[in-house]
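Undergrad: Got a structure for you, questions after.
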Amino acid sequence: MLRIGILGCGTIAATLAETMLAMPETIHIEAAASRSLEKAKEFASRFGIGKAYGSYEELYSDENVDLIYVATPHAFHKEQMIDALNHGKNILAEKAFCINAGEAEEVFALAAEKKLYVAEAIWTRYMPSRKIIDDIIASGRIGRVTSMTANLGYKIIHKARIADPALGGGALLDIGVYPLNFVLMGAGNDTIESVSGLAVKSESGIDLRNTINLTFSSGAVATIFSDSECVSDRKGMIYGTDGSIEVINVNNPERINVYSADRPPVLMETIPIFHKVSGYEYELEAADKAIAAGRTEPEAMPWRETLRVLRLCDAMRDVWGIKLGSELE
């Protein structure tokens with residue numbers, strides 16, 4: 001039984017709490033913490049959690065908590081994870097894992113030193129749909145992968161975590177990481193040869209929308225798009241010499257379509273995607289199994305992949321002249 005403390009009591013924390021409650025044989029929610037005791041008590045009451053803390057320090061010090069689920073804006077993740085690790089806690093942290101790769105490297109170094117589990121909770125990395133896509137590519141059904149596209153857009157610019165540079169705002173780190181991860185998973189071990197991109201910035205200095213182009217050593221290319229001011233079709237495409245894969249909703253795959261290489265393409269197979277609970281259960285199961293086995297990182301989202309994503313984001317933000325969170329100091 002993995003005893004979890006929830007740090008931050010917002011919308012995503014509520015979704016995870018509902019998922020955890022549906023996993024009573026694996027997960028127990030030990031406590032919830034907010035900087036507001038009133039908010040923590042309301043959250044704990046809503047989900048039947050026994051302990052509510054009005055400070056994060058109280059949660060870090062709770063000896064009955066095995067893992068802390070970090071559900072705060074990513075500008076605060078590094079400091080909070082360092083504090084949690086120094087109190088001997090395992091960690092599952094929402095995306096984006098940190099503001100930049102340098103922060104993440106500090107966290108991983110401390111986790112390695114203390115032999116504690118730390119993982120980025122980007123759910124698409126853990127879902128069974130990922131293996132389905134990988135297996136189709138590995139089977140050769142679509143031939144050699146030549147190009148990929150992925151997009152994600154939501155009207156969320158009104159949210160403080162998107163609009164405020166101090167909170168780590170912008171489309172890229174909040175929603176762009178999903179199509180970026182989709183492409184990197186599709187590319188597998190293919191090495192990135194070049195990266196370029198464009199962004200449109202707000203007056204406050206965050207990226208409202210962006211495009212990123214990647215080329216790989218195999219000759220494959222990819223185009224990624226994210227936008228905080230519109231709702232896009234959220235589609236991911238993987239094109240090969242003998243067919244293609246269409247993924248409906250790169251943020252939470254709903255179905256996978258496999259097409260032939262005919263002109264026009266012929267739909268060969270449709271694979272609907274279902275979850276046991278909400279889709280978040282897989283990252284929780286991965287944490288439970290890894291901690292029980294004494295591992296410090298998950299197989300589905302190893303530290304090197306979190307760093308690869310953040311380094312790409314760092315490179316793009318450097319070109320665009322965007323500084324966030326601790327970088328503003």
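Undergrad: Name every residue in the stretch 269-301 that is under 27 Å from residue 190 (Cα atoms) and surrounded by fewer than 17 Cβ atoms within 10 Å (Cβ to Cβ), in order of residue number.
TA: If the condition is that a residue be under 27 Å from residue 190 (Cα atoms) and surrounded by fewer than 17 Cβ atoms within 10 Å (Cβ to Cβ), then 269, 270, 271, 295, 299 are the ones that fit.
Undergrad: Looking at (1) more than 21 Å from the chain's Cα centre (by Cα); (2) assigned to a helix (DSSP H, G or I), which is the only condition residue 25 fails?
TA: (2)
Undergrad: Give the residues of the stretch 311-329 that are buried (at least 16 other Cβ atoms within 10 Å of the Cβ) and at positive phi, sorted by residue number.
TA: 325
Undergrad: For residue 308, are the conditions met, namely being touching a residue at least 12 places away in the same chain (Cβ under 8 Å), out of contact with any helix residue (DSSP H, G or I) (no Cβ under 6 Å at 6 or more places or on another chain), of a type outside the set (S, T, N, Q) and surrounded by fewer than 19 Cβ atoms within 10 Å (Cβ to Cβ)?
TA: yes
Undergrad: Pick out the one residue from 84, 96 that is crowded, with 24+ Cβ neighbours inside 10 Å, touching a residue at least 40 places away in the same chain (Cβ under 8 Å) and out of contact with any strand residue (DSSP E or B) (no Cβ under 7 Å at 6 or more places or on another chain).
TA: 96
Undergrad: For the stretch 12-22, which positions are touching a residue at least 60 places away in the same chain (Cβ under 8 Å) and under 21 Å from the mean Cα position of the chain (by Cα)?
TA: Within the stretch 12-22, 12, 15, 16, 18, 19, 20 meet the criteria.
For (1) among the acidic types (Asp, Glu); (2) surrounded by fewer than 22 Cβ atoms within 10 Å (Cβ to Cβ); (3) modelled with pLDDT of 95 or more, each residue gets a yes or a no:
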| position | (1), (2), (3) |
| --- | --- |
| 90 | no, no, yes |
| 117 | no, no, yes |
| 130 | no, yes, yes |
| 135 | yes, yes, yes |
| 170 | no, no, yes |
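Undergrad: Which pairs turn up if I take residues in the stretch 270-291 that are farther than 14 Å from residue 121 by Cα and look for partners that are modelled with pLDDT under 95 with beta carbon separation below 6 Å, at least 6 apart in sequence or on another chain?
TA: If the second residue must be modelled with pLDDT under 95, no pairs are left.
Undergrad: Continuing with the same structure: Tell me which of these residue 181 doesn't satisfy, since it passes every other one: (1) more than 17 Å from the chain's Cα centre (by Cα); (2) among the polar types (S, T, N, Q); (3) in a helix (DSSP H, G or I).
TA: The single condition residue 181 does not satisfy is (1).
Undergrad: Being buried (at least 17 other Cβ atoms within 10 Å of the Cβ) and without any contact (Cβ under 8 Å) to a residue 24 or more places away in the chain is true for just one of 223, 211. Which residue is that?
TA: Just a single option satisfies the conditions, and that option is 211.
Undergrad: Would you please list the contacts, defined by Cβ atoms under 9 Å and residues six or more apart or on different chains, that run from a residue in the stretch 313-326 that is not assigned by TED's automatic domain parsing to the domain that holds residue 224 and part of a loop (DSSP other than H, G, I, E, B) to a residue that is of a type in the set (S, T, N, Q) and buried (at least 19 other Cβ atoms within 10 Å of the Cβ)?
TA: Going by the 9 Å Cβ cut-off, the qualifying pairs are 324/100.
Undergrad: Please tell me if residue 215 is under 19 Å from residue 134 (Cα atoms) and β-branched (Val, Ile, Thr).
TA: No; evaluated as a whole, the condition is false for this residue.
Undergrad: Tally time: how many residues in the stretch 132-178 are of a type outside the set (A, V, I, L, M, F, W, C), part of a helix (DSSP H, G or I) and over 17 Å from the mean Cα position of the chain (by Cα)?
TA: 4
Undergrad: Which residues, taken from the stretch 42-55, are surrounded by 14 or more Cβ atoms within 10 Å (Cβ to Cβ) and out of contact with any Leu (no Cβ under 6 Å at 6 or more places or on another chain)?
TA: Once the filter is applied, which keeps residues that are surrounded by 14 or more Cβ atoms within 10 Å (Cβ to Cβ) and out of contact with any Leu (no Cβ under 6 Å at 6 or more places or on another chain), the stretch 42-55 yields 42, 43, 44, 47, 49, 51, 52, 55.
Quick grid of which residues meet (1) part of a strand (DSSP E or B); (2) within 17 Å of the chain's Cα centre (by Cα); (3) of a type in the set (Gly, Ala, Ser):
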site: 212; (1), (2), (3): yes, no, no
site: 215; (1), (2), (3): yes, no, no
site: 223; (1), (2), (3): yes, no, no
site: 245; (1), (2), (3): yes, no, no
site: 271; (1), (2), (3): yes, no, no
site: 274; (1), (2), (3): no, no, no
site: 278; (1), (2), (3): no, yes, yes
site: 282; (1), (2), (3): no, yes, no
site: 291; (1), (2), (3): no, no, no
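Conditions (1) modelled with pLDDT under 95; (2) under 30 Å from residue 28 (Cβ atoms); (3) not charged (D, E, K, R), marked per residue:
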| residue | (1), (2), (3) |
| --- | --- |
| 225 | no, no, yes |
| 230 | no, no, yes |
| 240 | no, no, yes |
| 247 | no, no, yes |
| 257 | no, no, yes |
| 268 | no, no, yes |
| 281 | no, yes, no |
| 298 | no, yes, yes |
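The values are calculated or read from the model by the stated rules, or taken from the named source; none is laboratory data. If you're wondering where the values come from, they're calculated on a predicted model, not measured in any experiment. Glycine gets a Cβ as well: all are built from the backbone with ideal geometry, and neighbour counts include every protein chain shown.
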